[in-house]
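Chemist: One structure follows; several queries about it will come next.
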Amino acid sequence: MEINELRFLVVEDHGFQRWMAANLLESLGANYVFSASDGREALLMLEGREPPIDVIVTDLDMPGMDGMEFIRHVAVGKYPAALIVASAMDPALVASVEAMARAYGARLLGAIPKPLTAKKLKEAIAGHLVASDVNGHAQPRSFSVEQLAAGLERGEFEPFFQAKIVSNTQATSGAEAVARWRNPQHGIIRPQDFIESMEESSLIDALTEMVVKEAARNCRRWCEAGSDITVSVNLSGKSLHDVSLADRLVKIVGVQGLEPKHLVFEVTESVATGDLGRALENLSRLRMRGFGLSIDDYGTGYSSMERLTRVPFTELKIDQVFVKDAPAQPSSRAMLESSLEMAQKLGILAVAEGVESQAEWDLLKSLGCQLAQGYYIAKPMAASEFLDWLRTKVVGA
């Protein structure tokens, strides 16, 4: 999808700034730009619109319905538009609003400090265009349990692989396996469109076992071809409540002939908030068998340090929110630096995820971050593409 195909909505109470934002979007090639003077007017424009708005550029401090209330309504109402916050307010306050938006489940492309420029808008919109290219569809989709089960039965799900590289040498350290669905009608479907439904049904275990099997099989091939790298697989909190999980995964990896040291299981901070005993039993058993354990999205949940003391993690993945904002936002940089220091003191690897720009890449190297992954380095790729990328990789290309 190109920018001239997107539909924009500018929400701004100041008439001149509203006109300026629309004018900047048009200068970038936008053909469809709509405007509203506050959140209430904007919601009326979103309701029932076909085709829907793709990207909203919104101010925060507005009379009537302000930007924060508007963002909440957009998220709760499940409007498909992505959001860009444009504000001259204190950066710490804007960062809080960003966190609020993500907590509500809004798809936030970023926050732009005023005054707006074409360059700032273009960089923010680029995130939406990348998502559209990768997923073939920028808006969330819904599938029934029956459709998902049929797709699994037909073998339509597979792992894609996104590289993790050593920051100071650019050597490939490993890859994260992320599930994709090759849907005959809709093309490549992203995990955001099916993981939640699978977790609510009994399908998540079948998906996990398939991903582990294929990830282990491909990693063994990479090792045999001379690339001594690891592969990471995400584990759902739902799956960790079954105490037989670890033994099943050990058997699957063993059948594929991959040594446990080459496979890392990733869990989010909140994964052990349910049945803690069962989750810890599974994770401890996996670690005892020689697998790596990674805490994913570090810094976005609660009691982060407590999680690190409960589980024998070997890797800490710093959430992309802090990576993205670190070059320009002091609070995010402080979080990034403290996370790196925490990993160093615990003697575990630190991985920065979601690296999308030269500025982020340069900062991570200067701070001594060991590993990094993100679209600046490489997108998630099918297994055959990833093998080709290993031979010819160019970071930042």
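The values are calculated or read from the model by the stated rules, or taken from the named source; none is laboratory data. Treat the numbers as computed from the prediction; the structure is a model and nothing was measured. Here the Cβ positions follow ideal geometry from the backbone for every residue, glycine too, while neighbour counts run over all protein chains shown. Just so you know, the surface numbers come from the protein's heavy atoms only, side chains and all, with ligands and any DNA or RNA stripped out. Shrake-Rupley method; radii C 1.70, N 1.55, O 1.52, S 1.80 Å.
Chemist: Of all residues in region 349-386, count the ones that are more than 14 Å from Gln320 (Cα to Cα), among the small types (Gly, Ala, Ser) and either touching a helix residue (DSSP H, G or I) at 6+ places or on another chain (Cβ under 6 Å) or not in a helix (DSSP H, G or I) (or both).
Modeler: So the count comes out to 4.
Chemist: Which of the residues spanning region 246-292 are part of a loop (DSSP other than H, G, I, E, B) and modelled with pLDDT under 90?
Modeler: Thr273, Gly274, Asp275
Chemist: A follow-up question, please. From the list Val85, Val94, Val74, pick out the single residue that is surrounded by 19 or more Cβ atoms within 10 Å (Cβ to Cβ), outside any helix (DSSP H, G or I) and in contact with a strand residue (DSSP E or B) (Cβ under 9 Å, 6 or more places away or on another chain).
Modeler: Val85
Chemist: Among all residue pairs at least 6 apart or on different chains, which show Cβ distances below 8 Å where the first residue, located in region 1-28, is touching a residue at least 12 places away in the same chain (Cβ under 8 Å) and part of a helix (DSSP H, G or I) and the second is surrounded by fewer than 18 Cβ atoms within 10 Å (Cβ to Cβ) and among the basic types (Lys, Arg)?
Modeler: Filtered contacts from region 1-28: Gln17/Lys114.
Chemist: When the residues of region 341-370 are narrowed to those that are of a type in the set (D, E, K, R) and under 16 Å from Ala163 (Cα atoms), which ends up surrounded by the fewest Cβ atoms within 10 Å (Cβ to Cβ)?
Modeler: Among those residues, the one meeting the criterion is Glu356.
Chemist: Tally up the residues in region 387-397 that are over 25 Å from Lys213 (Cβ atoms) and either basic (Lys, Arg) or not in a loop (DSSP other than H, G, I, E, B) (or both), please.
Modeler: Adding up the residues that qualify gives 2.
Chemist: Something else now. Taking Ala106 as meeting all but one of (1) open to solvent by 70 Å² or more (accessible area, probe 1.4 Å); (2) part of a loop (DSSP other than H, G, I, E, B); (3) closer than 27 Å to Ala334 by Cβ; (4) not polar (S, T, N, Q), write down the number of the exception.
Modeler: Exception for Ala106: condition (1).
Chemist: Separate question: Which is in contact with a Gly (Cβ under 9 Å, 6 or more places away or on another chain), within 30 Å of Lys119 (Cα to Cα) and open to solvent by 50 Å² or more (accessible area, probe 1.4 Å), of Gln320, Gln373?
Modeler: Gln320
Chemist: Also, I was wondering about something else. Within region 19-29, is even one residue open to solvent by 30 Å² or more (accessible area, probe 1.4 Å) and within 28 Å of the chain's Cα centre (by Cα)?
Modeler: Within region 19-29, one or more residues are open to solvent by 30 Å² or more (accessible area, probe 1.4 Å) and within 28 Å of the chain's Cα centre (by Cα).
Chemist: Still on this structure, I have one more. Report the residue count in region 176-190 for those that are in contact with a Leu (Cβ under 9 Å, 6 or more places away or on another chain) and either within 20 Å of Asp296 (Cβ to Cβ) or among the hydroxyl-bearing types (Ser, Thr, Tyr) (or both). Before you say what the answer is, go through the steps one by one.
Modeler: Of region 176-190, the ones in contact with a Leu (Cβ under 9 Å, 6 or more places away or on another chain) are 179, 181.
Remaining after also requiring either within 20 Å of Asp296 (Cβ to Cβ) or among the hydroxyl-bearing types (Ser, Thr, Tyr) (or both): 179.
Within region 176-190, residues that are in contact with a Leu (Cβ under 9 Å, 6 or more places away or on another chain) and either within 20 Å of Asp296 (Cβ to Cβ) or among the hydroxyl-bearing types (Ser, Thr, Tyr) (or both) number 1.
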